[in-house]
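The values are calculated or read from the model by the stated rules, or taken from the named source; none is laboratory data. The structure displayed is predicted, hence computed values, not measured ones. Cβ coordinates were reconstructed from backbone atoms using ideal geometry, including for glycine residues, and neighbour counts include every protein chain displayed. We work out accessible area using only protein heavy atoms, side chains counted, and drop any ligands, DNA or RNA first. Shrake-Rupley method; radii C 1.70, N 1.55, O 1.52, S 1.80 Å.
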Amino acid sequence: MRIVLLGPPGAGKGTQAKLICETYNIPHISTGDLFRENMSKDTPLGKKAKDYMAKGLLVPDELVVDMVADRLTQADVAAAGRGFLLDGFPRTVVQAEALEKISAKNDLELDFAVNLEVPLDVLVERISGRRICPTCAATYHVKYNQPKDEGVCDLDGASLYQRDDDKVETVQKRIEVYQEQTEPLIAFYKEKKKIVDINGLQNMDDVFDDIKRVLDGAN
Ligand code: AP5
Ligand code: ZN
């Protein structure tokens, strides 16, 4: 199964990606997570991405495309029957066209572009309430997905933190950037008959049930 997950910041891509990848046993490739990992290790790529991310802007296409091309040729993708889920990529038409080329070259044609639809006014609340575990990267929400003990990860007891780019001003910028640069991808994948629209405003389990119904229908 080869999937790209589309949707504005805070639509629930990371949340659903985790459920999809566990259920279908495919690698979860999140470009945002890859950049955050590079930043925490202070790699040259992390240093280049840092300022763009802090401002809520996209990292330049060529940096992202090279990183993804490299990731898609790693062993776990092959082990999953050339399966993967891309979360947060592509994000521009240039990236989507580059992915078409990478896919054609490596026999990795996409099955679905799953588009999580959430009205823009809900996103700020979702993102500003998000809390993350520094140890295992589990994602919580202060209202919609609370840990058992406030501020503490259920899985390992670590203290939860808030992402730097989750401040309200930066979130607004990320939403604008989504509308300008990423939303056109819905039409791009509609034309290729790959798009599946999912109502992302439901609770997390119901969103996943809808996605699962589509993916299972394809088997
Ligand atoms: P990235 O890390 O990809 O962030 P994003 O797209 O802004 O998405 P988020 O992680 O904010 O949200 P999400 O949709 O995963 O939502 P989540 O499941 O956590 O990118 C960050 C930055 O990296 C970019 O700004 C850019 O600079 C750079 N970058 C990354 N990829 C790039 C690319 N391809 N090109 C260029 N630059 C790139 O959910 C949000 C919250 O809501 C959580 O607290 C969750 O618990 C809660 N929630 C989830 N689902 C529900 C639900 N159904 N009901 C209620 N609450 C819910
Ligand atoms: Zn944890």
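Checked against (1) out of contact with any strand residue (DSSP E or B) (no Cβ under 7 Å at 6 or more places or on another chain); (2) part of a helix (DSSP H, G or I); (3) of a type in the set (A, V, I, L, M, F, W, C), ILE186 passes all but a single condition, namely (1). Would you mind finding the one in ARG131, ARG163 that is among the basic types (Lys, Arg) and touching a His at 6+ places or on another chain (Cβ under 9 Å)? It is ARG131. If you check VAL59 against the conditions, is it within 18 Å of ASP164 (Cα to Cα) and touching a helix residue (DSSP H, G or I) at 6+ places or on another chain (Cβ under 6 Å)? Spelling it out, VAL59 is indeed within 18 Å of ASP164 (Cα to Cα) and touching a helix residue (DSSP H, G or I) at 6+ places or on another chain (Cβ under 6 Å). Scan segment 27-83 for residues that are without any contact (Cβ under 8 Å) to a residue 24 or more places away in the chain, crowded, with 17+ Cβ neighbours inside 10 Å and among the small types (Gly, Ala, Ser) and the total you get is 2.
Note on segment 189-206: residues that are assigned to a helix (DSSP H, G or I), open to solvent by less than 70 Å² (accessible area, probe 1.4 Å) and closer than 12 Å to ASN115 by Cβ amount to 1.
Of all residues in segment 184-210, those being out of contact with any Phe, Trp or Tyr (no Cβ under 9 Å at 6 or more places or on another chain) and closer than 16 Å to GLY12 by Cα number 12.
Consider segment 160-183 and keep the residues that are more than 14 Å from VAL4 (Cα to Cα), assigned to a helix (DSSP H, G or I) and among the polar types (S, T, N, Q). The one that is least open to solvent (accessible area, probe 1.4 Å) is THR170. For VAL4, state whether it is among the β-branched types (Val, Ile, Thr), at pLDDT 95 or above and closer than 30 Å to ASP121 by Cα. Yes; evaluated as a whole, the condition is true for this residue. Residues that are open to solvent by less than 60 Å² (accessible area, probe 1.4 Å) and more than 9 Å from ligand 1 (Cβ to nearest atom): which strands (runs of 3 or more DSSP E) entirely in segment 92-158 hold 3 or more of them? So the answer is 112-117. Consider segment 37-74 and keep the residues that are within 8 Å of ligand 1 (Cβ to nearest atom) and among the β-branched types (Val, Ile, Thr). The one that is farthest from ASN106 (Cα to Cα) is VAL59.
Scanning segment 185-209 for residues that are away from ligand 1 (no atom under 11 Å from the Cβ) and over 17 Å from the mean Cα position of the chain (by Cα) returns ALA187, PHE188, LYS190, GLU191, LYS192, LYS193, LYS194, ASP209.
Residues in segment 72-108 that are within 15 Å of the chain's Cα centre (by Cα) and either modelled with pLDDT under 95 or of a type outside the set (Lys, Arg) (or both): PHE84, LEU85, LEU86, ASP87, GLY88, PHE89, PRO90, THR92, GLN95, ALA96.
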